[in-house]
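**Q** Here you go, one structure.
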Amino acid sequence: MDVAIQSETAESPKRLLGGVPWKAPTPEHLPSKRGVYLITNRVNQKRYVGSTIHKFGSRWGLHRHQLRNGIHENKHLQFAWTKYGEENFVFSVLAVCARPWCRTMENFYINKFDSANQEIGYNIHKIPDSSLGHKKTPEEIEKIRARMTGIKCSDETRAKMSASAKARRRSPESIAKGRASNTGKKRSPEIVAQFRLIQSNRSPEWRANISSAQKAAWASGRQTSHQDWRKNYVMSEDTKAKIGKASMGRLITEVTHMKLRQRMLTRWVKIKANGGTSL
């Protein structure tokens, strides 16, 4: 196993990172100093960038121990180590820096070498200690689902989540942006089919819970029924024009006619039952 010192020859990170104190490594830094390091596959030149707040030698020793025993958390690097062999990986020190700057410098070198690109590097995340930009594999998703299945939140946790959601209000600007981004979008047939499948698989208990919660909201006045909402709703002329344009030339099937007649008949029966008053 080779251990090398790699001096910085490109544009200085000190200028790029707004004055981060760093210096090029020298051989005496390897056993005792902290900073940013590089693990390179000499067969395909793929790189892994890491940082340590402990000694470089200790961090490299931990990497080798995990890789040799097949327990390294980076499965991409572990697979390459097993495939190409320990002798084809070299450890290099990129920069020595103070402890508070280690993650900043690591992020700089990940971007510089593009080592989060799986085609040329072994880093899983673009930002250290963050899953931003990382797309989970189907296996990872299934493991998370299996781990979370059956877990129920306590009443205290539910209360905290409810209070947090109620206190979280979207600003008018945020609502406007969301409306603008979704205007004109249509769901693909695959997405529509997925929604239908999800709805068809709802259990009777789930439907009963939703129904009881909805009725309780209506009874407490926290939420109005659809009929009450329709009574106070005034459709704009623009909306009327859009509906008229969309309906123009549309042929109504016999089945739809039957449904409409049944709906009007049901509404008429309810009106008669209420003594002739409108619903």
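**Q** Could you give me the residue pairs with C-beta distances under 9 Å whose first residue belongs to the stretch 92-107 and is crowded, with 20+ Cβ neighbours inside 10 Å, whose second residue is assigned to a helix (DSSP H, G or I) and β-branched (Val, Ile, Thr) wherever it lies, and which are 6+ apart or on separate chains?
**A** From the stretch 92-107, the pairs are Cys97/Thr104.
**Q** Could I ask something else about it? Farther than 30 Å from Asn41 by Cβ, at pLDDT below 80 and out of contact with any Leu (no Cβ under 9 Å at 6 or more places or on another chain): does that describe Lys177?
**A** Here the answer is no, as Lys177 does not meet what is asked.
**Q** Filter the stretch 155-171 down to the residues that are at pLDDT 85 or above and either loosely packed, with under 10 Cβ neighbours inside 10 Å or closer than 18 Å to Glu73 by Cα (or both) and list them by number.
**A** Asp155, Glu156
**Q** Return the residue satisfying two criteria in turn: it lies in the stretch 44-71 and is in a helix (DSSP H, G or I) and more than 31 Å from the chain's Cα centre (by Cα), and of such residues it is surrounded by the most Cβ atoms within 10 Å (Cβ to Cβ).
**A** Among them, the one singled out is Phe56.
**Q** Could I ask something else about it? Would you confirm, using the coordinates I've provided, whether Asp129 is modelled with pLDDT of 90 or more and among the acidic types (Asp, Glu)?
**A** No; evaluated as a whole, the condition is false for this residue.
**Q** Follow-up question, since we're still on this one. Kindly check whether there is at least one residue in the stretch 96-104 that is assigned to a strand (DSSP E or B), of a type in the set (A, V, I, L, M) and in the same structural domain as Ile53 (by TED's automatic domain parsing).
**A** yes
**Q** If you take the residues in the stretch 239-255 that are polar (S, T, N, Q) and in a helix (DSSP H, G or I), which one is farthest from Gly184 (Cα to Cα)?
**A** Ser247
**Q** Identify, from the list Phe108, Phe195, the residue that is among the aromatic types (Phe, Trp, Tyr), farther than 25 Å from His72 by Cα and part of a helix (DSSP H, G or I).
**A** After applying the criteria, what remains is Phe195.
The values are calculated or read from the model by the stated rules, or taken from the named source; none is laboratory data. The model shown is predicted, which means the values in this text are computed figures rather than measured ones. We place every Cβ from the backbone using ideal geometry, glycine too, and count neighbours over all the protein chains shown.
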